[in-house]
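Structure first, commentary second.
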Amino acid sequence: MTTEATNSKFKQRVFSGIQPSGGLTLGNYLGAIRRFVDMQEGGIETIYCMVDLHAITVWQDPAALRHQTRELAAGYLAAGLDPKKSILFNQSQVPEHAQLGWVFNCIARLGWMNRMTQFKDKAGKNAEKASLGLYAYPSLMAADILLYHATHVPVGEDQKQHVELTRDIAAKFNHDYGVDFFPMSEPVIEGAATRVMSLRDGSKKMSKSDPSDASRINMTDDADTIAKKIRKAKTDPEALPSELDGLKDRPEARNLVNIYAALAGISPQAVLDQHGGQQFSAFKPALVDLAVDHLAPISTEMARLMQHSDEIDAILRDGAARARAIASPILQQTYDIIGMLR
Ligand code: AMP
Ligand code: TRP
């Protein structure tokens, strides 16, 4: 059966999540949050989650976790997520995630989990010391998605394998129980900024875990800090080319062009049409203006929201109630299919 045929009975629904495991970078904003916000305008139901149960697969200080969860919510809201158009909630406030996650632990096979590259990356050399939760992480992620029968999952390139595993779990469940109950969810990976790179090293992903703060723009950075980091960003001595081909072996230059394109909402080629032939001494100030115009109001609004955490908490409580209204009947039907007593 094709994906289309399998999915035709399911209403289109978008689901995605981000871990509240640290500060938010320009990579999170361009690669995830801003795309989530854009999708809420498409007439499809959109559901976005802060996955705190995923965050604790590695150690999180409790006070820091609470702070980071609120800060992530503030990031979504400041970037334009409208809680009237989308459902925004915190994973642990909807217990059905953990419940369906357990069912999927019994569907997923050890062999499938052993192929997950993120586990290998995160566990490192000492996998024996990694938590069992880190190993089971992708099956909880499948539960997040399938608890809402989500058809579309916007994610970065690094999450593609987990969405494919979600489809394997859905297919095995449907097959084992002889039902057509879970959809084949599609990853949505698109845009100029699916991989925003470090400002200090164009071969490394921009990441909150990079020891150098100069390597990233944080969503909480103020205008001066954003300007300073872009001015200091690593580049090469050449002028910008007029064609994309000319960026091939120039990862730092390509990254700044991609960032410009994503912020301006134009293609990288359109950036070169406007700026090809310019030296970085001319291009960087243009990028600073664009980045500050775009990002400074977001960091200001995040700071305001963080002063009103009761506002954030109320939005999340409301979001959890609306999420549960969808999730709870799907979990109940799952239990019925499996043969659990009511
Ligand atoms: P993480 O903070 O790594 O848990 O990622 C949260 C979301 O942001 C995921 O959808 C990632 O794919 C996306 N993301 C994180 N870093 C980047 C980056 N440097 N470029 C593009 N997307 C990113
Ligand atoms: N694993 C994702 C990440 O690290 C976060 C995540 C958890 C997620 N559950 C999800 C993303 C469901 C999309 C859909 O970025």
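One table, with the values for the structure above:
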| quantity | calculated |
| --- | --- |
| Largest-first principal axis extents of the Cα set of region 1-71 (Å) | 46, 24, 17 |
| Region 253-334: relative contact order as a whole-number percent, Cα under 8 Å and 6+ apart | 20 percent |
| Antiparallel content of DSSP bridges confined to the chain, in %, to 5 | 10 percent |
| Local electrostatic count at Thr117 - Lys and Arg +1, Asp and Glu -1, tallied over other residues with Cβ under 11 Å | +2 |
| All Cα pairs of region 83-168, percent lying beyond 21 Å | 34 percent |
| Charge tally in the Cβ shell below 12 Å around Ala223, where Lys, Arg are +1 and Asp, Glu are -1, Ala223 excluded | -3 |
| Highest to lowest packing among 24-30, 193-199, scored as the average C-beta count within 10 Å | 24-30, 193-199 |
| Cβ-based exposure ranking for Ser209, Ser328, Ser299, in which fewest neighbours within 10 Å come first | Ser209, Ser328, Ser299 |
| Rg(Cα) / (2.2 N^0.38 Å) computed for region 1-135, rounded to two decimals | 1.18 |
| Shape box of the chain [Cα atoms, principal axes, largest first, Å] | 69, 45, 44 |
| Radius of gyration and Dmax over the Cα atoms of region 188-342, both given in Å | 21.5, 70 |
| Helix-only mean residue ellipticity at 222 nm for the chain, each DSSP H run of n ≥ 4 adding -39500 (n - 2.57), per residue, nearest 500 | -16000 deg cm²/dmol |
| Global geometry of region 213-303, whether rounded, prolate or oblate, following the gyration tensor of its Cα atoms and the 1.5 cut on a/c | prolate |
| Region 51-114 - Rg over Rh from alpha carbon coordinates, Kirkwood radius | 1.07 |
| Length-normalised contact order for the chain - Cα pairs under 8 Å, 6+ apart - percent | 22 percent |
| For Met197, distant residues with modelled amide H under 5 Å away | Met206 |
| Ranked by how many other beta carbons lie within 10 Å on average, peptides 57-67, 167-177 from highest | 167-177, 57-67 |
| Overall form of region 70-217 per C-alpha gyration tensor (a/c, 1.5; a/b vs b/c) | oblate |
| Residue-by-residue Karplus 3J(HN,Hα) for region 134-139, coefficients 6.51, -1.76, 1.60, Hz, glycine and proline x | 5, 5, 7, 2, x, 6 |
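Coordinate-derived values only; no laboratory data. The structure displayed is predicted, hence computed values, not measured ones. Cβ atoms come from the backbone with ideal geometry, glycine included; neighbour counts cover every protein chain shown.
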